[in-house]
Amino acid sequence: MNITYYGHSCFGVEIKNKHLVFDPFISPNELAKNIDVNNIKADYILISHGHEDHIADAVSLAKRTKATIICNWEIYVWLSKQGVENIHPMNIGGKVKLDFGNVKCVYAAHSSGLPDGTYGGNPMGFVVESSEGNFYYAGDTALTYDMKLIGEYRSIDFAFLPIGDNFTMGVDNAIICTEFINCGDIIGMHYDTFGFIKIDKEEAVRKFDWAGKRLTLMEIGQTLTK
Ligand code: NI
Ligand code: MN
């Protein structure tokens, strides 16, 4: 499985030659100015919630690549009105079997208004299961006890967790989350992009280290293999 970081909470994950893109927010992100969104491959675009910093490039990316967008019902309706053709609507608790593996939508404690003020339904996280490994993409969320359900009923190899605090979990709560999901191999996201979520990256990695966990903070544009 290859993972490429496109900044903020946006990652490309390649599983079985299929390209998944999570929460595309690239062209408005000053930190990701070296990423050319027109070069990104996508077979599936997974959108955790409707906020601009998770959906900004979704319509253009979907139209260029013909990728299938996976999102909640309300975002499905909103994207349909903008001419996106391939959309698979889901909601929390639901699972779908796709050609690379399974995607299950899980609870996220956050909000989800769309950029034009339209109601965006409930925010979600995703659990992806495949023969190349299982992972949890938390989206924007607080620490919740529901995360224990993720750890108790399946094995997670690694997880993408928000660590920027203010709008989501911060580092300390993300470390507690690793206990809940029974997985200590974490890729950080949703930090440093704008003022409210600037963090001390070295301290974050050190805190995970002290807790016996691993926090990976990828460079924008970097690809790693799991
Ligand atoms: Ni958000
Ligand atoms: Mn966000």
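The values are calculated or read from the model by the stated rules, or taken from the named source; none is laboratory data. Owing to the predicted nature of the structure, the values given are computational and were not obtained by experimental measurement. Glycine also receives a Cβ, built like all others from the backbone with ideal geometry; neighbour counts cover every protein chain displayed.
Give, as residue ranges, the strands (runs of 3 or more DSSP E) completely inside region 1-81 that count at least 2 residues that are modelled with pLDDT of 95 or more and within 16 Å of ligand 1 (Cβ to nearest atom).
In region 1-81, 68-72 are the strands (runs of 3 or more DSSP E) which contain 2 or more residues that are modelled with pLDDT of 95 or more and within 16 Å of ligand 1 (Cβ to nearest atom).
Cβ contacts < 8 Å: first residue on the phi < 0 side of the Ramachandran plot and basic (Lys, Arg), restricted to region 41-59; second residue away from ligand 1 (no atom under 16 Å from the Cβ) and assigned to a helix (DSSP H, G or I), any location; separation 6+ or different chain. Result?
Lys41/Thr65
Go over the candidates Leu114, Leu149, Leu224, Leu143 one by one and state the one that is over 14 Å from the mean Cα position of the chain (by Cα) and under 23 Å from Ile69 (Cα atoms).
After ruling out the rest, the residue left standing is Leu114.
Can you tell me which of (1) within 16 Å of ligand 2 (Cβ to nearest atom); (2) surrounded by fewer than 17 Cβ atoms within 10 Å (Cβ to Cβ) is the one Ser60 doesn't meet?
Of the numbered conditions (1) within 16 Å of ligand 2 (Cβ to nearest atom); (2) surrounded by fewer than 17 Cβ atoms within 10 Å (Cβ to Cβ), the odd one out for Ser60 is (1).
Among the listed residues Val84, Val96, identify the single one that is more than 26 Å from Gly164 (Cα to Cα), more than 16 Å from ligand 1 (Cβ to nearest atom) and surrounded by fewer than 21 Cβ atoms within 10 Å (Cβ to Cβ).
Val96
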